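Only one structure is covered here, and it is reproduced in the block below.
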Ligand SMILES: [Zn+2]
Ligand SMILES: [Zn+2]
């Protein structure tokens, strides 16, 4: 049975539309026996998202919370143009341990057609701006998965199997099959907007097992795979 030891996509009140604090999310994660979490709030590209000063301070916050769980400083960014650039200043983003991005309503990318949206996502991946593309297959903001998966495989970017917005089962199965065939690393994460959602992995694990998804492509399966994939410290 595949074990998932970390939930790397968790929102807090800093996102503007999520319920809980970093500490509350830690408490639930510890109860669920997770070994690490990622604090991955929305950036300034999403209306109501957190700004520069929050992300600038986040590494200090997560380093100084003394709780028996590893906390990574992360962001879920938005792409702001066709070049694949992101909303937060590069100097601020580079202080964070994991940069993710996704397509969200009421942002620049939501107003584009599928072709332009896909091109922007491919550029963000190819240029190394992001290390994870969140919820790549379920959204109202569709992208063409084929070029995205190719770019992600070539540049070592992970795709997310998102357990709080799973979409229909057929879409998830198709997504996993494509990632498996194409050797795309994935992360399984909750995208929690309330602490009770942290680490809700049961259905996803069943699906991975049912589809025979290669375990070594699941990045959040072990401390070593997280450290080597993201190049993060975790003592
Ligand atoms: Zn959100
Ligand atoms: Zn998202």
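Every read-out reported here was derived from the displayed coordinates using simple, explicitly stated rules and does not represent laboratory data. From a predicted model like this one, the values you see are computed outputs, not experimental measurements. Neighbour counts are summed over all protein chains in view; Cβ atoms, including those assigned to glycine, are modelled from backbone coordinates with ideal geometry.
For the reader, a short list of remarks on this structure follows.
- In a fully extended conformation the segment linking residue 234 and residue 164 would gain 22.5 nm over its present Cα-Cα distance, using 0.36 nm per residue.
- Selected from 84, 199, 180 as most flexible by GNM, with the chain as the system and alpha-carbon contacts under 10 Å: 180
- Region 70-110-region 181-235 distance, computed between alpha-carbon centres (Å): 20 Å
- Potential extension, residue 216-residue 114 segment - 0.36 nm per residue separation minus Cα distance: 33.6 nm
- Note on residue 89/residue 183: beta-carbon distance plugged into 1/(1 + (r/R0)^6) with R0 of 30 Å gives a FRET efficiency of 0.35.
- When 100, 67, 1 are sorted by how many other C-beta atoms sit within 10 angstrom of their C-beta, beginning with the fewest, the order is 1, 67, 100.
- If you wrap the Cα atoms of the chain in a convex hull and average its projected area over all directions, you get 11.1 nm².
- Computed FRET value (nearest 0.05) for residue 66 with residue 194, which takes r as the C-beta separation and R₀ as 22 Å: 0.40
- Of all the options 181, 25, 123, the one that moves most in a Gaussian network model of the chain with Cα springs shorter than 10 angstrom is 181.
- Global geometry of region 118-177, whether rounded, prolate or oblate, following the gyration tensor of its Cα atoms and the 1.5 cut on a/c: prolate
- Of the beta bridges in region 6-227, as assigned by DSSP with both residues counted there, near 5 percent are antiparallel.
- Extension gain, residue 106 back to residue 33 (0.36 nm per residue minus Cα-Cα distance, nm): 22.7 nm
- Sequence-separation-based contact order of the chain, relative, with Cα cut under 8 Å and 6+ spacing, percent: 21 percent
- Within the chain, helix-based [θ] at 222 nm, where runs of 4 or more DSSP H residues each add -39,500 (n - 2.57), nearest 500: -10500 deg cm²/dmol
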